[in-house]
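S.K.: Quick one: the structure is below, questions incoming.
Read-outs throughout are calculated quantities, based only on the coordinates presented, and are distinct from any laboratory measurement. Because the structure is a prediction, the values reported are computed rather than measured. Here Cβ is always computed from backbone atoms with ideal geometry, including for glycine, and neighbour counts include all displayed protein chains.
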Amino acid sequence: MNFGGTSWAYLAAAAVAAAVSAAAYLRSRRRVAPGALAWMIGLRASAAALLILCLLNPTRAAVQLERIRPLALLLIDASQSMSIQDEQGQTRWSAAAEAAQRIAPRLEERFDLRVYAFSDRLHRVDIERLGSPNGRSTDILTAVEEAGAAAMGYPSAGAVLISDGGQNAGPARRLAEESGVSVFTVGVGSPTPPRDIAVSSVQAPPVMFVEEEAVLTVEGSIHGYAGRETLVSLFRGNALIGSQKIVPASESETFQLVFKDVPAKEGDVRYAARVSPAEGELTEVNNESAASVSVMRGRIRALFIDGKPRHEFAAVRRALSRVPNIDLSAVLLAPPASLSPESLPAQTGRYPLFGSESVSLEPDALSRYDLFIIGGVSLAQLPAGFHAALIEAVEERGAGVAWLAEEAWLNPSLPMSPLEPMLPVSTGALPVRPDSSDFMPRLTEAGRRHPATQLAPVLSENDRAWSRMPLWTRLYTGLTAKPGAETLVESTRSLTPVLAAQRVGAGKSLFVGSDSTWVWGMAAPAESGEERLFDQFWALAARWLATPASARQVVVSPERRAYEAGETARIEIRAYLPGFQPAPNAAVDATVIDPNGRPSSLPVSASESEPGVFETFVRASDPGEYRVAASASAGGTALGEDEASFNAAAPQIEFERAYRDEPFLQALADSTGGAYVDIQQIDSILPLLKEKSETREIRYRESVWDNPFALLLIVGLLSAEWALRKRKGLA
Amino acid sequence: MRIRIGLTVAVLGFCWTAAAQQPFAIGQVHYGGGGDWYSSRTSISNWLREIGARVRIPVEKEARPVRLADRELYKTPFLYINGHGNIRFTDAEAEALRLHILAGGFLFVNDDYGLDASFRREIARVFPRRPLQPIPASHPIYRAFYSLPGLPKVHEHDGDPAQGFGVFVDGRLAVFYAWSADIGDGLEAGDVHNDPPDIREYAVKMAVNIAVYALTR
């Protein structure tokens, strides 16, 4: 017997109640025989004590035996390969659904039943509403593990898993023997590879240039069409670039075709590779693949100004000289005092070294340049009028300017310079000095999608290229990115900007925070003629800088240009005030037109970290091109509008090994103590599921006072005490 | 607007202060084969001092001894080979030197007398498909800082005329070999070899030109 609450307090209260009852009688003036008095006191005290004891909520332990039914799991593969029609005239999915619906009632008779559909993830479904097979990949092992984990604590009858066995997702690991569930696998679909022609990808450079030849690679595979001619065509928009014939010699072949194109104008271009559907082909979904590419202006005229001979000047100059279609003028400006009288070529206050006679820094001559690189030169050394001409070239004409950090211009007079607003970084206490210790540069989220830092065409390869970067040195610390600027690369140690970029009117500005990037070039040697990442960075940076940002105050940028249907694309929208300062309070509207031409509006939210930056998300349900348009206004004044596109490719992994993988299903069954059968024999596995139920002791506590007997006892005691008092004349 | 900018530029002119950059270093190559790679250390100190004074760039005070197989060779782009005897590179050293130069490094070789045959043999191992080429007097290396008519003839050696040879990488003169000139001796103090002042000055100017060329190409 257990009592709730603080027992001693209740017992004390019961004693007090009994004492008070006795005292009430003892103080009475009427004489009553001692025996009767004792009875009355005893009856009242007992009633009071009993009432108090009931308040203690006395309980007693109880045990009950309960039978628990075994739990059976029914898992049905809902990936896209299940839509293939090779199951006696039916799709695999229809065959699987019919079989599942036929055995489900029989399973429910014997077991508790949970039904799941799975592809790249697992979810419970109603056996009568199984949905459709649209999963983009198949992860059978994770599905078994998750279903097993959800059934923990129940006696397991086993899991019936209906699938074509195309495990193509999830981490590589051993079969799910430790899940504790016997898996009875049911194979569906043809065990022989289907006939199919697939275009798996169009590999294109992330950026192409007007009137500059670019190489595009089309990859794919052909199964079951040995000796048959297949025509692969590449289109730019709707214009045919070229076609190539393939005649596979064997039943299963992959192909890689190289196309070349010379884009004629700037803008976004969609390259699509297509093959015509073949008779008896598995699916036509994978007969086309596409890539979206930005085409930028071609030839660049660049002016590189530095202050003194140094390795950085030589390295950057070499890298820029290797950029195709660049006309580079490089000039060193030294203070006149540094020149000895005999030094040649001139006493003009500078010693131009390359094409010296033709390089002029007079304001009128600057109008021919698309790109300016300012190195270790004091801004005071630049000729009068240079500053205004540079500002005009960048802000109004759309030229670019790169700032190579150097103490010569990062001096206390910088904030007074009219060039300072063009810098993407703010300086704290000037002059800043370089930290001579080594540091590791790290790509930021903004840098991962910025054209100037795309060292590889694929996002993951670009991440890898930056993560394998050699250590850099001499980073200028104490600088922060200005509002509206983007930090593209930062130091892992101090988070100081290493590369920062921003728009300046119609032009662009890039800050390089180390004065020794040459170490990168020297530490990562390459064979002559090979593409060095250092050179590649400068080529990308030069081209990005030299391409005008146009006068748009609204800029729409998809996070990536290529997605897979079913993925969600993040779209960034930047809004600028008329002076091209960020517009954090802008009202932004966005719409998307899907590949079927259907427009829909998009919810837009402001970035919490970057003022003037907004984002929206587009779920690319269908393959094809998505065009996102945005407009913005601030204070009732329209800021402008912009649009951009991205491409969603049909997911193809589900069709790459789209035959029934019997060895995998057999191995899964064997490793878990189950069995494998063809879907035609699905009924044969029902007897194999474990019938054994479990009996469990359920222990609980039962209340003792909460019954009529306790009430009758109290009422009886009080009634008897009242009757006795009445009889003795006390009532 | 132009007036305001002009005034600002004028203010900036007064505020300009000398700026420090990474000091220029000369890596003196510690090669094998028995030659006296360590010779003329003081000439390198003099050379660095003259570069600092004349070009007005920060320089290290002493030569920086390096081995070609050092992991951190890349931190010293400018390499210098000097001596009188035999030069021999291991295969690893030859490969390291080749990659160093392809990455943007520069090698200056001074014929002190006696290393010609072994250097030509070794550089042919480093760049088997890039033979040493004569460098004409019109080449920019002779005008990188001072306008010079060609190499100085500091020591007579065998009486042959001084001649520059080089290896080009992507159009850049990346290895410069001064044969029968002995610029290194010309960089020594006057009382070391008793060279005439005008010859020593010529050698200094050529040595400055070589460094400036390497720092600008």
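S.K.: Relative contact order of the stretch A:581-731, please, whole-number percent, based on alpha carbon pairs below 8 angstrom and at least 6 residues apart.
M.R.: Averaging sequence separation for qualifying contacts and normalising by length gives 14 percent for the stretch A:581-731.
S.K.: Report, by chain and number, residues whose modeled amide H sits under 5 Å from the one on residue B:108, excluding near sequence neighbours (fewer than 5 apart, same chain).
M.R.: When sequence neighbours closer than 5 places are left aside, the close amide H contacts are B:79, B:80, B:81, B:176.
S.K.: Could you derive backbone 3J(HN,Hα) for the stretch B:123-134 from the dihedral phi with the Karplus parameters 6.51, -1.76 and 1.60 (θ = phi - 60°), listing whole Hz in sequence and x where the residue is Gly or Pro?
M.R.: Going residue by residue, I get 5, 5, 6, 6, 10, x, 9, 10, x, 4, 10, x Hz, with x marking Gly and Pro.
S.K.: What fraction of the DSSP beta bridges in chain B is antiparallel, stated in percent and rounded to the nearest 5?
M.R.: 40 percent
S.K.: Going by the alpha-carbon gyration tensor, a ≥ b ≥ c the square roots of its eigenvalues, is the stretch A:396-447 rounded (a/c under 1.5) or, if a/c is not under 1.5, prolate (a/b greater than b/c) versus oblate?
M.R.: Here the stretch A:396-447 falls in the oblate category.
S.K.: Pull out the extension gain between residue A:638 and residue A:697, defined as 0.36 nm times the separation in residues minus the alpha carbon to alpha carbon distance; nm, one decimal.
M.R.: Extra length from residue A:638 to residue A:697 when fully extended: 14.0 nm.
S.K.: Something else now. Along the stretch A:255-264, what does the Karplus equation 6.51 cos²θ - 1.76 cosθ + 1.60 (θ = phi - 60°) give for ³J(HN,Hα), rounded to whole Hz, x for Gly and Pro?
M.R.: Result, rounded to whole Hz: 9, 9, 10, 9, 10, 10, 9, 10, x, 9.
S.K.: Could I ask something else about it? Please tell me the relative contact order of chain B in percent, rounded to the nearest whole number, where contacts are Cα pairs under 8 Å and at least six residues apart.
M.R.: Relative contact order of chain B: 20 percent.
S.K.: Follow-up question, since we're still on this one. Taking every eigenvalue of the Cα gyration tensor of the stretch A:184-299, multiplying by 5 and rooting it, what semi-axes result, largest first, whole Å?
M.R.: They are 33, 15, 11 Å, listed from largest to smallest.
S.K.: Please report the relative contact order for chain A, taking Cα pairs under 8 Å with a sequence separation of at least 6, and give it as a percent rounded to a whole number.
M.R.: Once divided by the residue count of chain A, the mean separation gives 15 percent.
S.K.: Across the stretch A:120-258, what fraction of all alpha-carbon pairs, as a whole percent, falls in each successive 5 Å bin from zero upward?
M.R.: For the stretch A:120-258, the binned pair fractions read 2, 7, 12, 14, 12, 11, 10, 10, 9, 7, 4, 2, 1, 0, 0 percent.
S.K.: List the pair-distance distribution P(r) of the stretch A:439-586, using every Cα-Cα distance, as the percent of pairs falling in each 10 Å bin from 0 up to the bin containing the longest distance, rounded to whole percents.
M.R.: 10, 38, 34, 16, 2, 0
S.K.: Something else: Figure the gain on full extension for residue B:67 and residue B:199 (residue separation times 0.36 nm, minus the Cα-Cα span) and round it to one decimal in nm.
M.R.: 44.4 nm
S.K.: Among A:492, A:230, what is the fewest-to-most ranking by other Cβ atoms within 10 Å?
M.R.: A:492, A:230
S.K.: Take A:591, A:192, A:547 and order them by how many other Cβ atoms sit within 10 Å, fewest up front.
M.R.: A:192, A:591, A:547
S.K.: Normalise the Cα radius of gyration of chain B by 2.2 N^0.38 Å (N = residues in it) and let me know the number.
M.R.: Normalised Rg, Cα atoms only: 1.10.
S.K.: Here is a follow-up. Just rank A:504, A:331, A:316, fewest to most, by other beta-carbon atoms within 10 angstrom.
M.R.: A:331, A:504, A:316
S.K.: Another question about this same structure. Of the cross-linked pairs A:308/A:482; A:308/A:508; B:153/B:205; B:75/B:205, which ones have a Cα-Cα span greater than 20 Å in the structure shown?
M.R.: Among A:308/A:482; A:308/A:508; B:153/B:205; B:75/B:205, the Cα-Cα distance tops 20 Å for A:308/A:482; A:308/A:508; B:75/B:205.
S.K.: While we're here: Positive end of the charge dipole of chain A (Lys, Arg +1 and Asp, Glu -1 on Cβ, about the Cα centre): tell me which of A:33, A:138, A:293 has its Cα farthest that way.
M.R.: Most positive-ward Cα: A:33.
S.K.: Tell me the angle of helix A:34-55 to the major Cα principal axis of chain A, expressed in degrees between 0 and 90 and rounded to the nearest ten.
M.R.: 20 degrees
S.K.: Per 10 Å bin, what percent of the C-alpha pairs of the stretch B:57-176 does each bin hold, from zero upward?
M.R.: Result returned by the calculation: 12, 42, 37, 9, 0.
S.K.: Hey, another quick one. Per the Cauchy relation, a quarter of the hull surface: what is the mean projected area of the convex hull of the alpha carbons in the stretch A:521-670, in nm²?
M.R.: Mean projected area of the Cα convex hull: 16.3 nm².
S.K.: Using amide H atoms built 1.01 Å from N in the peptide plane, name the residues 5+ places from residue B:166, or on other chains, whose amide H lies under 5 Å from its own.
M.R.: B:133, B:135, B:177
S.K.: Using DSSP loop states and a limit of at most 10 other Cβ atoms within 10 Å to flag trypsin sites (Lys or Arg not before Pro), what is the longest stretch of chain A containing no flagged site?
M.R.: My reading of the result: A:469-691 is the longest stretch.
S.K.: While we're here: Using DSSP to call loops (not H, G, I, E or B), can you name the GluC sites (Glu not before Pro) in the stretch B:126-217 whose Cβ has at most 10 other Cβ atoms within 10 angstrom?
M.R.: Answer in residue order: B:156.
S.K.: Further question: Which value results when the Cα radius of gyration for the protein assembly as shown is divided by 2.2 N^0.38 Å?
M.R.: Here the Cα radius of gyration is 1.43 times the empirical estimate.
S.K.: Quick check on the stretch A:607-731: take the gyration tensor over C-alpha atoms, sort the square-rooted eigenvalues as a ≥ b ≥ c, and tell me if it's rounded (a/c under 1.5), prolate or oblate.
M.R.: Since a/c reaches 1.5 but b/c is at least a/b, the shape of the stretch A:607-731 is classed as oblate.
S.K.: Over all alpha-carbon pairs in the stretch A:1-131, figure out the percentage whose distance exceeds 20 Å.
M.R.: For the stretch A:1-131, the fraction of Cα-Cα distances above 20 Å is 68 percent.
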